[in-house]
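Quick notes on the structure that follows.
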Amino acid sequence: MKSLFYLAFLLIAITGCSSSSLKPQAATKHVQVHGHRGSRGTHPENTLSAFEEAVSSGADWVELDLVLSKDDVPVISHDATISVDLCLDARKKPLSRVIPIKTQTVKQLKTYDCGSVPNPVFPDQKPVLGQTFVTLEEVLVWAKNLPEKKVRFNIETKTSASQKQFEPNPRKFVDSIIRLLRKYHQIENSILQSFDFRTLTEARKMEPNLKLSALFGKPEPICKTTKDLGAVIASPNLSLVTKDMVKECHSLGVEIHPWTLNQESEWKSAISMGVDGIITDYPRKLTHFLISSAQR
Ligand code: G3P
Ligand code: CA
């Protein structure tokens with residue numbers, strides 16, 4: 001009996017294991033990475049160059065914003081007007097007036113240069129020549145032709161009931177997006193996200209297999225609202241997220257993917273609250289951070 005006791009003591013001493021550390025470790029959670037506007041921190045936002053960077057960084061999702069052109073084509077842009085800060089005209093001169101995108105055909109939009117002007121908010125962003133507006137269809141064709149890499153998109157409808165410049169009819173807008181996603185077999189690989197819940201409701205009716213994400217910028221019953229919309233992701237500003245909210249959303253089967261987290265301290269805080277995904281302007285940095293902290 002005595003020798004058995006010594007044997008057990010010896011084993012513990014040699015392995016340095018207490019009974020608690022012999023318990024299996026909890027499986028590491030895969031935190032999903034969304035490249036915001038592609039990779040806005042490093043490349044001109046919402047351009048093909050930024051989407052290429054997001055894919056090569058290993059991001060799970062390429063986030064982009066959509067508006068409608070004059071000829072009713074879904075075009076990638078965060079703003080309803082051509083950005084006077086980020087784009088030049090066909091003569092490479094700064095824009096002298098505000099031009100709503102809905103007054104321009106795709107052919108006209110293609111004449112603007114939206115890759116040469118540095119964005120002062122993102123000092124690491126490098127200008128990329130030859131970048132202009134791209135349509136959703138062009139991006140889907142690009143994704144289809146990529147060797148091996150499977151690209152998944154987080155597509156935001158930039159519509160608003162209260163802002164006249166963002167006024168495409170929600171049903172018409174969503175219909176044009178879903179048609180393209182079906183054509184390129186991307187329904188299962190995409191998320192449709194919006195602050196304008198009218199577009200999520202339309203999408204729910206049209207295509208039940210498309211994942212929906214509800215965006216939030218101010219406090220409200222985030223998890224319940226998301227669930228009631230039939231969305232599977234709640235995407236609030238980080239300042240709104242709490243540990244209890246994450247628990248509540250999970251109990252309703254809703255994931256939480258906050259935006260837009262660019263600092264390591266924000267990534268750590270979000271991960272400690274148990275979020276499922278992070279939307280960032282720096283997908284490469286976030287991917288490296290997650291690998292180094294064993295979250296991927
Ligand atoms: O993905 C959510 C985030 O993109 C919302 O903010 O203004 O960049 O479209 P915004
Ligand atoms: Ca967006």
**OP:** Of the listed pairs Lys144/Lys268; Lys102/Lys150; Lys93/Lys183; Lys149/Lys183; Lys126/Lys285, which have alpha-carbon separations greater than 27 Å here?
**Re:** Lys144/Lys268; Lys102/Lys150; Lys93/Lys183
Original post:
Based on the Cβ-Cβ distance of Ser251 and His30, what FRET efficiency does E = 1/(1 + (r/R0)^6) give at R0 = 22 Å, to the nearest 0.05?
Top reply: 0.65
Subject >> Charge dipole (debye, nearest 20) of the range 75-150; +1 at Cβ of Lys and Arg, -1 at Cβ of Asp and Glu >> reply: 220
**OP:** Could you work out how far helix 197-206 tilts from the main Cα principal axis of the chain, as a 0 to 90 degree angle to the nearest 10?
**Re:** 80
Subject >> Fully extended contour minus Cα-Cα distance, from Lys268 to Val98, at 0.36 nm per residue >> reply: 57.2 nm
**OP:** For the range 45-105, run through the trypsin sites (Lys or Arg not before Pro) and keep only the ones in DSSP coil with at most 10 other Cβ atoms within 10 Å of their Cβ.
**Re:** Arg91, Lys92, Arg97
Original post:
Can you work out ³J(HN,Hα) from phi for every residue in the range 138-143, in order, using Karplus 6.51 cos²θ - 1.76 cosθ + 1.60 and θ = phi - 60°, giving whole Hz and x for Gly and Pro?
Top reply: 4, 5, 5, 5, 4, 5
Subject >> Interchain or long-range residues, amide H under 5 Å from Asn154's placed H >> reply: Val62, Glu63, Leu64, Ile191
**OP:** Place a label point 7 angstrom from the Cα of Asn145 along the Cα-to-Cβ direction, then list the residues of the range 159-197 whose backbone nitrogen is under 20 Å away.
**Re:** 180-186
Original post:
Taking amide hydrogens as modeled 1.01 Å from N in the peptide plane, which residues meet the under 5 Å criterion relative to Gln32, leaving out close sequence neighbours?
Top reply: Gly277, Ile278
Original post:
Of Thr242, Ser194, Tyr184, whose Cα points farthest to the positive end of the dipole of the range 137-268 (charges on the beta-carbon: +1 Lys, Arg; -1 Asp, Glu; origin at the Cα centre)?
Top reply: Tyr184
Original post:
In nm, to one decimal, how far is the Lys205 label point from the Ser239 one, both placed 7 Å along Cα→Cβ?
Top reply: 3.5
Original post:
Using modelled backbone amide H atoms (1.01 Å from N, in-plane), which distant-in-sequence or interchain residues come within less than 5 Å of Tyr112's amide H?
Top reply: Phe133
**OP:** Within 10 Å, count the other beta carbons around each residue, average over each peptide in 41-51, 137-147, 280-290, and list them highest first.
**Re:** 41-51, 280-290, 137-147
Original post:
Going from most exposed to least, what order do His30, His78 have by accessible area with a 1.4 Å probe?
Top reply: His30, His78
Original post:
Roughly what angle does helix 48-57 make with the longest principal axis of the chain, taking Cα atoms, 0 to 90 degrees, to the nearest 10?
Top reply: 10
Subject >> Residues Ala90 and Arg182, FRET efficiency given R0 of 25 Å [Cβ-Cβ distance, rounded to 0.05] >> reply: 0.15
Subject >> Debye equation applied to the C-alpha atoms of the chain, log10 I(q)/I(0) at 0.07, 0.11, 0.12, 0.13 Å⁻¹ >> reply: -0.31, -0.67, -0.78, -0.91
Original post:
Each residue of the range 273-288 in order: what ³J(HN,Hα) in whole Hz does its phi give by Karplus 6.51 cos²θ - 1.76 cosθ + 1.60, θ = phi - 60°, with x for Gly and Pro?
Top reply: 7, x, 5, 9, x, 10, 9, 9, 7, 10, x, 5, 4, 5, 4, 4
Subject >> Sequence ranges 215-221, 252-258, 153-159, ranked by mean other-Cβ count within 10 angstrom, highest first >> reply: 153-159, 252-258, 215-221
Subject >> J(HN,Hα) series, the range 236-246, from Karplus relation 6.51 cos²θ - 1.76 cosθ + 1.60, nearest Hz, glycine and proline x >> reply: x, 4, 3, 4, 8, 7, 10, 4, 5, 5, 4
Original post:
Mean separation of Cα pairs under 8 Å and 6+ residues apart, divided by the residue count of the range 147-296: what relative contact order is that in percent?
Top reply: 15
Original post:
Which angle between 0 and 90 degrees, to the nearest 10, do you get for helix 170-183 versus the longest principal axis of the chain when only C-alpha atoms count?
Top reply: 70
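Quickly rank 124-130, 195-201 as a protection proxy: mean count of other C-beta atoms within 10 Å, highest first. Walk me through the intermediate numbers first.
On the way: 124-130: 13.6, 195-201: 20.1.
Output ranking for 124-130, 195-201: 195-201, 124-130.
The values are calculated or read from the model by the stated rules, or taken from the named source; none is laboratory data. Just so it is clear, the model here is predicted, and its values are computed rather than measured. All Cβ positions, even for glycine, are placed from backbone atoms using ideal geometry, and neighbour counts span all protein chains on display. Quick note on the areas: whole protein, heavy atoms, side chains included, nothing else; ligands and nucleic acids left out. Shrake-Rupley method; radii C 1.70, N 1.55, O 1.52, S 1.80 Å.
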